[in-house]
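Okay, structure first, notes after.
Laboratory data are not the source of any read-out in this text; all were calculated from the coordinates shown. Bear in mind that the values here come from a model prediction, so they are computed numbers and not experimental data. So basically every Cβ, Gly included, is an ideal-geometry build from the backbone, and we count neighbours across all protein chains shown.
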Amino acid sequence: MAPGDVKKTNFISQIIEEDLKSGRNGGRVATRFPPEPNGYLHIGHAKAICLDFGMAAEYGGECHLRFDDTNPVKEEQEYIDSIQEDVRWLGFDWGEHLYYASNYFDQLYEWAVKLIREGKAYVDDLTADEIREHRGTLTRPGTESPYRNRSVEENLDLFERMRKGEFPDGAKTLRARIDMESPNLNFRDPVMYRILKATHHRTGDKWCIYPMYDWAHGQSDSIERITHSICTLEFEDHRPLYSWFIEQLGIWPSRQFEFARLNITYTILSKRKLLQLVKENYVDGWDDPRMPTISGLRRRGYTPESIRDFCDRIGVSKADSTVDVGLLEHCVREDLNKRALRRMAVLRPLRVVIENYPEGQTEQLDAVNNPEDPSAGSRKVPFSRVLYIEREDFMEEPPKKFFRLAPGREVRLRYAYFITCTSVVKNAGGEIVELRCTYDPATRGGNSPDGRKVKATIHWVNTETAVNAEVRLYDHLFTREDPNKVDSEDLDWKTNINPNSLEALKDCKLEPALAEASPGEGIQFERMGYFCIDSKDSKPGAPVFNRTVTLKDTWAKIAKQG
RNA sequence: UGGGGAGUGGUGUAGUUGGUAACACGCCUGACUCUGGAUCAGGAGUUCGUAGGUUCGAGUCCUACCUCCCCAGCCA
């Protein structure tokens, strides 16, 4: 945050401040980020992480990382590892506070027994289908299960035997005994435990009954003395149940607060759908640079700072909304502009021969590393008679607003010389294969002693010393602003996948200094955008670069308008 | 048709004792520039979902209505 900026507040921080003022939790603030380890974290989670950890940090509290691992059939160690890596990479530290809901299985079991003893929970023999039928509908009340009024002794015995594994999966459930006519469906005797004879990634085969979300989450918060349990809007209906369990148990009163989840244009943020993209090979994996996952953004070249800044700017509210993906892009540009070294790289090469430049001669020219940061210094760039320039920087018949190279026109080669195009060489197919130019030796370094101005400066790479590379250009993964919008019912969101979201250019020419680029380092290819080494596919001697984001491009805008 | 939420410029948000709406992104001008980048200066755009009401005065209070989102997993 720049000095002078006003600190951003949101309704959550206001609640915390009021609680602090009233001394509600003894002046203590504890939050938690509770991912289920069934997928990789994405930018939507980053919003939650920034909020959870951010609030704790702002008010001198603590934020726990707690894995909500109550469903062994969907959860894996791989996800636990990636989640920890991503949270750390984003810049947050949970210190000693790493927990698992599965740590509390024993306590949860005891509390369940307590509720059974008090007649507030019972073992139900209804099948899943029957439970659904008995639940009623949104407008019709449910009906009570015939097993609802079993004796405490019978319930205790049955529950114990459920735990011992005497019944097959799905044969019985433990349900809270609340109100089958409640207008809030969550109160119609919610299932607390189901039988699942699955090996848990942490508790192994110790358990064959596993707690449901509603029964596990609030109690876990309470055990950890979480003061502000922040979650997304779809859990609003669960809040009364969250509080009900805590109240019945008489345990420490954690409270839940809900905010609107993040949506971004041209982006899908649903773990289920992202998993589908991975499983069905629409992308290269969870960390495909086109994915909105933290690992995908990292591989794409986004910085943790830029993601945090983004989360800061979008704010926190309870209104459903969709953020323009352009804001995310703006955040990386702004961050990278300050720190990225500038380099020259020609993505779509066009040969240029400087006819009046001595054959066999090479000179080293000075080039600034970062105009935004004088301390970044400068480097030498080799120049000689035959060069590459960007194909799109030349037009044989330029429209009025095109300032770059054209027959008879003079432009500046960045940090080098003014050149003038004298002729165009084409192949049999009429395709331009080479440009013949002359240079003005007096403009060495890029300035003309006679004060002559030129309308454009273009980048270039010396042919003899060029490093060959593959460069991957990315576009939005979806063609529609709202990927979930389809024109007819028989189409699904996958029909909106952008077939051109990846363009791999294999014949790119880089200046020599780029041979030493290291992964994780954001680099600006002058006039083309910000790029970084691909952490997976790049090899020494065969570099692969990913385009993080383009530079703002006024010409592209003009060209598009026609 | 039950319950729970939300509606402020194109987008996201701020607006906390009611006093004629602000910030960011985007957009448009211009200046400057060896990146059509960056930077700087300026500009357009909202009357606050709708209709009433209270009040000298309402985005802020009241009433009614409209629209959108979420909930009928032994998922989280």
Compute the acute angle (0 to 90°) between the alpha-carbon long axis of helix A:105-117 and the principal axis of greatest extent of the alpha-carbon atoms of chain A; round to the nearest 10°. 30
Free-by-geometry Cys in chain A, Cβ-Cβ under 4.7 Å as pairing rule, reported as A:C63, A:C208, A:C231, A:C331, A:C421, A:C437, A:C508, A:C532
One-quarter of the Cα convex hull surface for region A:248-393, in nm²? 15.9
So which aspartates and glutamates can A:K74 reach, going by Cα to Cα under 17 Å and dropping same-chain residues fewer than 8 places off? A:E36, A:D169, A:D205
What ranking do A:47-54, A:316-323 get when scored by the average of other Cβ atoms within 10 Å per residue, highest first? A:47-54, A:316-323
How far apart, in nanometres, would the label points at A:E516 and A:T127 be if each is projected 7 angstrom from Cα along the Cα-to-Cβ direction? 7.1
So, by mean Cβ neighbours within 10 angstrom, what's the order for A:300-307, A:243-250 with the highest one leading? A:300-307, A:243-250
Cα pair count fraction exceeding 30 Å, expressed as % - region A:11-259: 30
May I ask for the distance between the Cα centers of region A:334-389 and region A:282-306, given as a whole number of Å? 29
What is the helix-to-structure angle for A:213-223, meaning the angle in degrees between its Cα long axis and the longest Cα principal axis of chain A, kept from 0 to 90 and rounded to the nearest 10? 90
Alpha carbon centre of region A:32-46 versus region A:469-540: separation in Å? 24
All aspartates and glutamates inside 16 Å of A:K380 as judged from Cα atoms, apart from same-chain residues fewer than 8 positions distant: A:E363, A:D366, A:E464, A:E511, A:E516, A:E526
On the formula 1/(1 + (r/R0)^6), with r taken between the Cβ atoms of A:E464 and A:S375 and R0 of 30 Å, the FRET efficiency rounded to 0.05 is 0.45
Contour minus Cα-Cα span, A:V424 to A:E154, at 0.36 nm per residue, comes to 87.9 nm
What's the center-to-center distance, using Cα atoms, between region A:110-133 and region A:199-278 in Å? 20
Ranking of A:R436, A:R299, A:R255, A:R132 by count of other Cβ atoms within 10 Å, fewest first: A:R132, A:R436, A:R255, A:R299
Give the order of A:I497, A:I523 when sorted by the count of other beta carbons within 10 angstrom, beginning with the fewest. A:I497, A:I523
At a threshold of 8 angstrom on Cα-Cα distance, excluding pairs fewer than six apart, so keeping six or more, what relative contact order does chain A reach in percent? 11
Taking 2.2 N^0.38 Å as the expected size of a compact globular protein, what ratio does the Cα radius of gyration of region A:177-315 give against it, to two decimals? 1.34
Restricted to Cα positions, what overall size does region A:1-130 have along the principal axes? Three whole-Å values, descending. 64, 40, 31
Can you tell me the order of A:18-27, A:388-397, A:456-465 when each peptide is scored by its average per-residue count of other Cβ atoms within 10 angstrom, highest first? A:456-465, A:388-397, A:18-27
Normalised contact order of region A:345-458, rounded percent, pairs of Cα under 8 Å and 6 or more residues apart: 27
Tell me the angle of helix A:304-314 to the major Cα principal axis of chain A, expressed in degrees between 0 and 90 and rounded to the nearest ten. 70
